[in-house]
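The values are calculated or read from the model by the stated rules, or taken from the named source; none is laboratory data. Keep in mind the model is a prediction, meaning the values are calculated, not measured. Cβ: placed from backbone, ideal geometry, glycine included. Neighbour counts: every protein chain shown.
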Amino acid sequence: MNWRRLSLVPYRLRLLLRAAFIFLMTATVGLALSVLQQEKQLSYKNYEGSFQKTRVQVAATLRHPSGQLALLNPKPSTGGALHPLLLPFAALDFDDLQKVQQAVAMSGCLAQYGNNGSLCVGIGNNPWAGGFIYVAGSFDSAQLVPHVRGDQVVDQAHRVRVKVTLRGQTYDWIAPFEESTEPQTPGRRYGGMRGRLTGFTAADVARGKSPVVKDFRGWIWQNPRCNQPDIADDDTNCARSAFFSLRLPVAVLQDALFEKRRPEWPPADLDRISVSIAVLPPGDGAPLLDSSTGPAAPPFSLTDLKSMLLPGESLQIKRLSDGAALPVLVAPIDPEDQSWHFVTALIRRLPVDAYDVPLAAKEIIATPAGSYEVLLKGDVRSVSKSLSVVASRLVWFVGAMLAALMLAWLVIEIGIINRVKVLIKRADDVGERVKAAQGFSEADLADLRGEDELGVLATGLHDLLRRVREDVERDNIRAEQERDMWHAVGHEIMSPLQSLMVLHGAPEDQSHRYISRMQQAIRVLYGRASPSEAFQSSELQVSEIDLTAFLQNVAGNACHVGIDGVRFDGPAEPLTARADEYSLEDVVTHVLRNAERYRKPGSPITITLEGSDTGAAIGIHNDGPQIPSDMLTKIFEYGVSDQPESGAEGNRGQGLFVAKTYMAKMGGTIVAQNRAGGVSFILSLQRGA
């Protein structure tokens, strides 16, 4: 066996070159897989964080009165008819402006009608509060025209017409506005109007009779300020916002409460109770507010939670009292960017810590009408799918790199290594024949010769071998000649030595020994040609605080938090109100930061303070762009922001949501109003005792 041919030494450069290309291709694929695995781990961590944020956001929304209203009324209103909603309150304190405004604002019951109108129709969650339907709403009107008590004609005053239809019966009331006899605000010729809405049945009014419906109660309050900035407040024709609240006695519902020991509440046919409301001006003019026109912006419903969910996530809500499950909300997956199936399958197989553990979160939401279990399930498949969309675009780059390496390998293999292998084989054959003493024959290298590096090498080797062959031939001739010469020299020397051996043939003769040595040396040389061969709930401490000193302090220190140009324009005397000082400061700071963001450069931010017998109003005004009318109430919802998210991070849009929540907890309200050249935020608080 020829052990030389089994040795790797002659092939090590070729093996090294091939191993280098295999290593480069393996490293390219390994690097791509490693990057994908790291990106999958990061994407999963980011998704897990977003999932927890979604859980907190959904739970906070459902625990808020507006969320509880959606839980208690899971079926969205259909058609143009107005149906009562089950409110998260036992009843509405309909004759207290601040309480009823606070209740309907926090619960999100108000539905937007037109540009400046709103309506809320509901029933309390406690049946023993009476079978009443509550109505609250707002509209814009000129100065209200009151009805004179005892006058049989009611169409010359502002009035509210209400019609309720249920269980085959219809209740139709007309409630004209009757101004309150209490004195107005001193020092002002016109300080706003308020009064009762006295209820009459429409049939009695048509017959010219006017017996008052005793259980029908209603109030209306009109803002003393004009909504139009270019018209003075004392102009009776300017439009002012008015708020009204009604308590409608429905005999059918009241009678049903006493038919059973445990009355059914809410009524099973709540979604079939039809309510129609119209606010009419004096005379035969068009209604100032008409429920038949349909809401421009309906109240918050459970289907609105779908926008909070990430793609593929599902939300299941179940009532614990009877186990009834509400319809499952599933966020749609964007089908636009498609990825290759094998890339998605490969990404799913990449090992990631806790990736196979299902993402799910459970929350218990307590409402006055019972508790609900909210189960949010994540969809980690969206991580692989979203990552595979990007990875599918990179496959072309990785494939191009592998193709380039393969092409370079083939070019080197066919154009260089194969020719080198042939060259080495032929040179090796020449060496083998030389070693085998078979004579020297010139290798045929004509097919390897060319103009490239190997071709030049083959040409040079061919010429070298030719010269070597010629030299070998010459050496052979010379060796033959030298052999002949040695034969002749040897022959001539051997003869005298033979003679000397005769003369000194005795073994004891010392010359005999030297002559024998000379003969041996000649025999050795005779005939020879040459002699040589590298991986919600906060509690506020409400107390009485001095708003004047508080606001002066806020205005003075605003520059230290990066808000310059804040000016307090209010009374110098103390004005107390019920609030939590630190929470109120948070509310004012949130509003100031919004004002700072949108005001004109260099313009001031003005803080005003006004007080009345029962409340205090803080106004924060800046000069800048106005808020779109359809966003005046939505900006207080959680997650609403015009700053790009981005979610996070993003702006979650929680500053004004926190302000609204804190104000509600302090028994106050906050509203945004567009004014001349800017926007004003009005914070209303209750006066101290």
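Checking each residue in the range 625-639 for being outside any loop (DSSP other than H, G, I, E, B) and touching a helix residue (DSSP H, G or I) at 6+ places or on another chain (Cβ under 8 Å) picks out ILE635, PHE636. The set of residues in the range 52-75 being at pLDDT 85 or above and of a type in the set (A, V, I, L, M, F, W, C) consists of VAL56, VAL58, ALA59, ALA60, LEU62. Is it fair to say ALA360 is at pLDDT 80 or above, surrounded by 12 or more Cβ atoms within 10 Å (Cβ to Cβ) and within 30 Å of ARG63 (Cβ to Cβ)? In short, yes.
Summed over the range 250-280, residues that are under 22 Å from PHE200 (Cβ atoms) and surrounded by 19 or more Cβ atoms within 10 Å (Cβ to Cβ) total 7.
Residues checked against (1) in a helix (DSSP H, G or I); (2) modelled with pLDDT under 75:
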| residue | (1), (2) |
| --- | --- |
| LYS260 | no, yes |
| SER276 | no, no |
| ALA286 | no, no |
| PRO295 | no, no |
| LEU305 | yes, no |
| LEU310 | no, no |
| ASP334 | no, yes |
| THR344 | yes, yes |
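Going by what's in this entry, would ARG194 be described as surrounded by 14 or more Cβ atoms within 10 Å (Cβ to Cβ), basic (Lys, Arg) and at negative phi? Answer is yes for this residue.
Of the residues making up the range 536-545, not a single one is part of a helix (DSSP H, G or I) and modelled with pLDDT of 75 or more. With respect to the conditions (1) at pLDDT 65 or above; (2) at positive phi, GLY527 lacks only one, and its number is (1).
So, of the residues in the range 203-220 that are among the β-branched types (Val, Ile, Thr) and crowded, with 16+ Cβ neighbours inside 10 Å, which turns out to be modelled with the lowest pLDDT?
VAL205
The set of residues in the range 270-288 that are among the hydrophobic types (A, V, I, L, M, F, W, C) and over 17 Å from SER118 (Cα atoms) comprises LEU270, ILE273.
Would you be able to say whether some residue in the range 184-195 is of a type in the set (A, V, I, L, M) and modelled with pLDDT of 90 or more? It would help to see each step written out before you state the result.
If we filter the range 184-195 for residues that are of a type in the set (A, V, I, L, M), which is where we start, we get 193.
Then drop every residue that is not modelled with pLDDT of 90 or more, which leaves none.
No: zero hits.
Assess whether GLN37 counts as being more than 30 Å from LYS425 (Cβ to Cβ) and under 20 Å from the mean Cα position of the chain (by Cα). Answer is no for this residue.
The single residue among LEU42, LEU71, LEU92 that is farther than 26 Å from ALA325 by Cβ, assigned to a helix (DSSP H, G or I) and among the hydrophobic types (A, V, I, L, M, F, W, C) turns out to be LEU42. Please determine whether any residue of the range 543-561 is within 36 Å of the chain's Cα centre (by Cα) and at positive phi. No, the range 543-561 has no match at all.
If you scan the range 575-602, which residues turn out to be more than 17 Å from ALA617 (Cβ to Cβ), in a helix (DSSP H, G or I) and within 34 Å of the chain's Cα centre (by Cα)?
So the first thing to find is which residues in the range 575-602 are more than 17 Å from ALA617 (Cβ to Cβ), and the list is 580-583, 585-586, 589-590, 593-594, 596-602.
This time we only want the ones that are in a helix (DSSP H, G or I), so: 581-583, 585-586, 589-590, 593-594, 596-598.
The answer is TYR582, SER583, GLU585, ASP586, THR589, HIS590, ARG593, ASN594, GLU596, ARG597, TYR598.
Across the range 128-181, the qualifying residues are those that are of a type in the set (S, T, N, Q) and not in a strand (DSSP E or B), and the one among them that is surrounded by the most Cβ atoms within 10 Å (Cβ to Cβ) is GLN143.
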